[in-house]
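First the structure, in the form of structure tokens, and then the observations on it.
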Amino acid sequence: MKFKMSENSLFAILLRSPWWLSVLAAVGVALLARLAFPDPLSSYGVITAFPFLVIAAMAAKRQWRTPSAKQTAAALEAAGALSWKDFAVLLEEALKREGYTVTPGAGAADFSLAMEGRIGVISARRWKATNHGIEPLRELQGAREAKAAHEAIYVAGSALSENARRYAGEHKIFILEGAELARILRRVPPGNKP
């Protein structure tokens, strides 16, 4: 069973916020604890700030790896200029650097992925489409079921329709787009880019 944090919990909100907000919260909690507890216990009260420091470290690590809006736009624009063949090579290399074993797929699945005993399928051929509807997601879901894959990933260089996004959510299809797509593409060394 996996623990899932509520999206509206304080720690979930802090994880999505700049890391320094968690540090400020930790300092605030430590000061309040120092004032609220009597002298012999005040040092124990300061320990209550520790979870905020852990969240700050986690947020900082996540934000360190995330490209800026300008870098995201540049990476997506560069990817959009590539042919399918060149983009497929770039994406395959990026997925390998993320730790996946990548093999060519069939049908709606452009690649099959494996990592730590879990398999997945990825559809990326339509990444340049100006509008992503529900049909390619249905095809990907069919490929996932045919292969008995754990994960399904759909690569989108532009926005999905509301129906497509809802379908992806209902079927737990991960949409690789925006900053996350830019992040994995930019981790490929420049010499490896087509």
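Rule-based calculations on the coordinates, nothing more; no lab input. Everything numeric here is computed off the predicted structure, so don't read it as measured data. Every residue, glycine as well, gets a Cβ built from its backbone with ideal geometry; the counts of neighbours run over all protein chains shown.
Here are 157, 117, 178: which of them is touching a residue at least 60 places away in the same chain (Cβ under 8 Å), out of contact with any Asp or Glu (no Cβ under 6 Å at 6 or more places or on another chain) and at positive phi?
178
Exactly one of (1) without any contact (Cβ under 8 Å) to a residue 12 or more places away in the chain; (2) under 21 Å from residue 104 (Cβ atoms) is unmet by residue 165. Its number?
(2)
Go through 94, 78, 114 for me and flag whichever is in contact with a Lys or Arg (Cβ under 7 Å, 6 or more places away or on another chain) and among the small types (Gly, Ala, Ser). Full working, then the answer.
Working: 78 fails: in contact with a Lys or Arg (Cβ under 7 Å, 6 or more places away or on another chain); 114 fails: in contact with a Lys or Arg (Cβ under 7 Å, 6 or more places away or on another chain).
Answer to the check: 94.
So which residues in the range 86-113 are buried (at least 21 other Cβ atoms within 10 Å of the Cβ), assigned to a helix (DSSP H, G or I) and touching a strand residue (DSSP E or B) at 6+ places or on another chain (Cβ under 6 Å), if there are any at all?
Scanning the range 86-113 gives a single hit, 95.
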